[in-house]
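**Student:** My questions all concern the structure below.
The values are calculated or read from the model by the stated rules, or taken from the named source; none is laboratory data. Since the structure is predicted, the reported quantities are computational estimates derived from the model, not experimental observations. Here the Cβ positions follow ideal geometry from the backbone for every residue, glycine too, while neighbour counts run over all protein chains shown. Only protein heavy atoms, including side chains, enter the accessible area calculation; ligands, DNA and RNA are left aside. Shrake-Rupley method; radii C 1.70, N 1.55, O 1.52, S 1.80 Å.
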Amino acid sequence: QVQLVESGGGLVQAGGSLRLSCAASGSIFSINAMGWYRQAPGKQRELVADTSRGDSKNYADSVNGRFTISRVHAKNTVYLQMNSLKPEDTAVYYCAAHGYNFDDWGQGTQVTVSS
């Protein structure tokens, strides 16, 4: 339905910043919301942030105030600006597109925050 490609992961020091990008293609019109999720080793995947068609924003308590999700609709791209990074932010970050009856996922990008 929707194809997603993430980029922008890498290694940063605690307190640093990183910007993730997610380029979407396919049935863009069918997307109701897009979000960023992360999965650390030995833990379940968790929601980091999401945004709806109306550009409302939702953030996990652990990242609220530090991360910002945004969309550039003309480019079919979603971004995640991550500031004041902490070692506990280390995870594989996944972009997701949510439709009425589907969920599509990107391949993931590794974010590592050193102490």
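**Student:** When the accessible area of the chain is split by element with a 1.4 Å probe, what percent falls to carbon and sulfur?
**Tutor:** Carbon plus sulfur share of accessible area: 47 percent.
**Student:** Treating the beta-carbon of each Lys and Arg as +1 and of each Asp and Glu as -1, no other charges, what is the dipole magnitude of the chain about its Cα centre, to the nearest 20 debye?
**Tutor:** Rounded to the nearest 20 debye, it is 200 debye.
**Student:** With every protein chain kept in place and ligands, DNA and RNA left out, what is the accessible area per residue of the chain? Probe 1.4 Å, answer in Å².
**Tutor:** Per residue, the chain has an accessible area of 52 Å².
**Student:** Another one. Roughly what would the spin-label model give for residue 53 and residue 83, points 7 Å off Cα along C-beta, in nm?
**Tutor:** Going by the 7 Å Cα→Cβ label model, 3.1 nm.
**Student:** What is the sum of charges around residue 97, taking Lys and Arg as +1, Asp and Glu as -1, for the other residues whose C-beta is under 9 Å from the C-beta of residue 97?
**Tutor:** So the environment of residue 97 carries a net charge of -2.
**Student:** Now, a different point. Not counting the cut sites, what is the longest span of the chain without chymotrypsin sites (Phe, Trp or Tyr not before Pro) that DSSP labels loop and that have at most 16 other Cβ atoms within 10 Å?
**Tutor:** The answer is 1-99.
**Student:** Would you list the P(r) distribution for segment 15-54, with all Cα-Cα distances sorted into 5 Å bins from 0 and each bin expressed as a whole %?
**Tutor:** Each 5 Å bin holds this share of Cα pairs: 6, 14, 21, 24, 19, 9, 5, 1.
**Student:** For segment 18-112, what relative contact order do you get, as a whole percent, if you take Cα pairs closer than 8 Å and at least 6 residues apart?
**Tutor:** Rounded, it is 33 percent for segment 18-112.
**Student:** Just round it to a whole percent: the fraction of Cα-Cα distances in the chain exceeding 16 Å.
**Tutor:** Counting pairs separated by more than 16 Å, the tail of P(r) holds 56 percent.
**Student:** Give me the percent of DSSP beta bridges within the chain that run antiparallel, rounded to the nearest 5.
**Tutor:** Approximately 90 percent, going by the DSSP bridge assignments.
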